Amino acid sequence: MKGKNSFSLLCLVSGLGSLYFRMPRQLPAQAALLVGVWQSILLYFVLRLVRKAGKDWKSSALVRGLLAFSFLFTASVDLLDLNRFYQSAYPNQLHGWLLGILLLGAAGMMTGGELRTLKHLTRLMFPLLGISLALLTLSCAGLFHTSNLTAWEGTEILREAFSLRDLIPWPEYLALALWGSREGTAPLFWVPAARTGISAFILTLAELALGDRGARWPAHSLSLLGQLSVFNRLEWIQITVWLLLLMTRLAFLIYLAGRLTENFPWWINTAAIWTGFLCLSMLDATRVWAVQRAVLWGTAGIILIRGLCRWEDPLKHWRSALR
């Protein structure tokens, strides 16, 4: 796993790290894949422009600072999502903040070592994810009924297709675009498309089993329903795999922030993430997500505006970037 493949797989694992705790549930399962692929195509063109505009992003302290902030802020929001999940799913068994600090500490120490460790963990995560999804499907196979599939309308699909709620240039997408010139010409389409495919697969399973009752956390609700003779508590297999994905995501974000703040040791960025989590936990989750969208789109927008201002012939460069 070298060069562009290594970096792309890290970006994909990072993108999957938050799916379990914040999976889109606005659309019926049949429409989720259509909307997701369409949004992946839109993101592809946005990232092509970001790559072109941010070709010399290292020369701008503003861009480096915005990127570092977006990486650290997203990691704090991920811990907030994890804490929110555990407070609701296991209110009397496990404190989300305790698990969050354990994951963050492990991710920080992993980043403090060699990047090789993170790459080896990435190799391990895909077989584990495949096995866990296969067990999830087998355990719930008897609950699947096509009559549970929810009908959808074309207007609903169009509205969601152009909504900015889920169309977000996540930090791993920005990293894939900006680090592409150094790590190799990394693909910009299949990483968000693969995330969309796994999300649509889990949503389809949840709808086949649960119908329109709407699972707040589809993968977790399925693992609670399904049982195999060899596993009495199937949800812990799912949770363990997705926690490993989240830990890899946190480690990757800390690594990226460390590349931008080379004078800071890893533990300073880790402490900044934990401080951000404590501050964000005092706010409403919906407001925090809105701020996150603004931060990520704002970072991408400033990179594009900065690139546009430096181009002598903007239309020429925009056309060449889209080719």
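The values are calculated or read from the model by the stated rules, or taken from the named source; none is laboratory data. Bear in mind the structure is a predicted one, so any value in this text is a computation, not a measurement. Don't worry about glycine lacking a Cβ; one is built from the backbone with ideal geometry, like all the others, and counts go over all protein chains shown.
Pick out the one residue from Gly226, Gly211, Gly184 that is at pLDDT below 85 and crowded, with 16+ Cβ neighbours inside 10 Å. Even if it seems obvious, please write down each step before you answer.
Details: Gly211 fails: crowded, with 16+ Cβ neighbours inside 10 Å; Gly184 fails: crowded, with 16+ Cβ neighbours inside 10 Å.
On inspection, the qualifying residue turns out to be Gly226.
If I filter region 236-249 for residues that are modelled with pLDDT under 85 and outside any helix (DSSP H, G or I), do I get at least one hit?
No, region 236-249 contains no residue that is modelled with pLDDT under 85 and outside any helix (DSSP H, G or I).
Residues in region 250-274 that are surrounded by fewer than 14 Cβ atoms within 10 Å (Cβ to Cβ) and in contact (Cβ under 8 Å) with a residue 60 or more places away in the chain: how many?
Looking only at that region, the number is 1.
Considering only region 307-320, state which residues are at pLDDT 60 or above and buried (at least 17 other Cβ atoms within 10 Å of the Cβ).
Listed by number, the list holds a single entry, Gly307.
Please determine whether any residue of region 136-151 is buried (at least 16 other Cβ atoms within 10 Å of the Cβ), in contact (Cβ under 8 Å) with a residue 60 or more places away in the chain, over 26 Å from Ala219 (Cβ atoms) and polar (S, T, N, Q).
Checking region 136-151: not a single residue is buried (at least 16 other Cβ atoms within 10 Å of the Cβ), in contact (Cβ under 8 Å) with a residue 60 or more places away in the chain, over 26 Å from Ala219 (Cβ atoms) and polar (S, T, N, Q).
Provide a single number: the residues in region 76-125 that are of a type in the set (Asp, Glu) and modelled with pLDDT of 90 or more.
First, the residues of region 76-125 that are of a type in the set (Asp, Glu): 78, 81, 114.
Then keep just the ones that are modelled with pLDDT of 90 or more; that gives 78, 81.
Of the residues in that region, 2 qualify.
The rows are residues; the columns are (1) in contact (Cβ under 8 Å) with a residue 24 or more places away in the chain; (2) surrounded by fewer than 13 Cβ atoms within 10 Å (Cβ to Cβ); (3) polar (S, T, N, Q).
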| position | (1), (2), (3) |
| --- | --- |
| Ser40 | yes, no, yes |
| Tyr44 | yes, no, no |
| Ala61 | no, yes, no |
| Ala107 | yes, no, no |
| Thr117 | no, no, yes |
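From the list Val35, Val46, which one is hydrophobic (A, V, I, L, M, F, W, C) and closer than 17 Å to Glu172 by Cβ?
Details: Val35 fails: closer than 17 Å to Glu172 by Cβ.
Every option except Val46 fails the conditions.
Any residue in region 2-18 that is within 17 Å of Leu188 (Cβ to Cβ) sitting within a Cβ distance under 7 Å of a residue that is acidic (Asp, Glu) and at pLDDT 85 or above? List the pairs, counting only those 6 or more apart or interchain.
Cys11/Glu172; Ser14/Glu172; Gly15/Glu172
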